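Structure, as C-alpha cells:
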Amino acid sequence: MKKSMIATAVVATAGLAASANAGYWTISGANYQNGGTNNIAVSQVDNQVNTYVSSTFSGAAGTQTTLTGAEVTSTLSNLGVTLSNNTLTYFGFEDSVAGPGYFGIAFKNNSGSSYYLNLQGGSFAAGGTEGVLTSHSGAVGSGNSWASTGTAGTVVADSTTLLVMFGGLNVGVGFDFQAQSLNSAGTASGATFAISYLNWNGSAYSQVASAATATTSGLNTALYAVPVPAPALLAGAGLVGAAALRRRMAKKA
C-alpha cells in the first residue's frame with residue numbers, strides 16, 4: 001500500500017470518528033403497499049440528543065403512558081419534528097450519545113375524515129425504560145410488544161395527531177413495526193397516506209426517504225445502535241496503517 005493511500009485511509013477514518021457523535025436506528029426491510037409491495041431505500045435514521053421526553057414523562061418498561069393532545073404538540077415542538085398532513089412519519093432520538101434510544105411514529109390527520117390505523121409493534125417495542133408513550137389507545141402484549149386496539153385499530157380523528165414513541169431501548173435491541181389503513185369496519189383497505197423517514201443532520205431533521213398513496217407501511221427491524229467511540233476508530237486506523245507499512249518494509253527487505 002502506498003503511503004498516500006495509507007494517509008488517505010487514516011484521514012477518512014478520522015473524519016468518520018469526528019462525525020460519529022450520536023446514535024442511530026438501522027432500518028431493515030422498510031416497505032409499503034399501494035396495490036403491490038414496494039421497498040423503501042432507507043437503511044439508517046440518525047438521532048438527535050434530547051432528554052425532553054425522559055425528563056417530562058414517567059413511563060416504565062412493559063407499560064403504556066397516555067399523552068394528551070397538548071403533550072403531543074409540546075413533545076414534537078421540543079424535538080423539532082415538523083409533520084406533513086396525512087403522512088406517517090418515522091424519526092429517532094436519544095437521551096445521550098450512549099443512549100437509551102427512542103423511536104417515534106407520528107401521523108397528523110388533516111383529511112377531513114377519520115383514519116383507521118391498525119398499528120403493530122413487535123417484540124421489545126415496549127421493552128425500553130419508558131415503555132410506550134402514546135396519544136391513542138393501545139395494549140402491551142407478551143414479549144413487550146405493543147398494538148393498537150379496536151376492530152379497526154386506532155381511530156385518528158380529523159384535525160388530530162397520533163404519536164407513538166417506543167422509549168428508552170438499549171443498544172442492540174430491535175423490533176418490527178407495521179401500520180395498515182382500514183375502513184371503519186376493519187374489513188378492507190382504508191384511506192391512503194404518505195410516508196416519511198426523518199434523519200437528524202446535526203441541526204435539524206430532514207427527510208431521507210418517502211412514499212405516497214400507501215395503504216400499509218412497515219419495517220422488518222429497527223435496531224438501536226451507537227457509533228464506535230472516536231478513540232477506538234483512530235486506534236484502528238493507526239493499526240491498519242502500521243500493518244501496511246510493515247508489509248511494505250518487509251517486501252523491500
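Computed from the coordinates by the stated procedures, all read-outs in this text should not be read as laboratory data. These figures come from a predicted structure and were not determined experimentally. Quick reminder, even Gly has a Cβ in these numbers, built from the backbone with ideal geometry, and neighbours come from all protein chains shown.
Summary of packing: across the peptides 71-84, 211-224, the per-residue average of other C-beta atoms within 10 Å ranks them, highest first, as 211-224, 71-84.
Restricting to segment 22-227, compute how many DSSP beta bridges are antiparallel as a %, nearest 5.
Of those bridges, close to 85 percent are antiparallel.
So, with +1 on the Cβ of K and R and -1 on the Cβ of D and E, and no other charges, what is the size of the charge dipole of segment 22-227 about its Cα centre, to the nearest 20 debye? Rounded to the nearest 20 debye, it is 240 debye.
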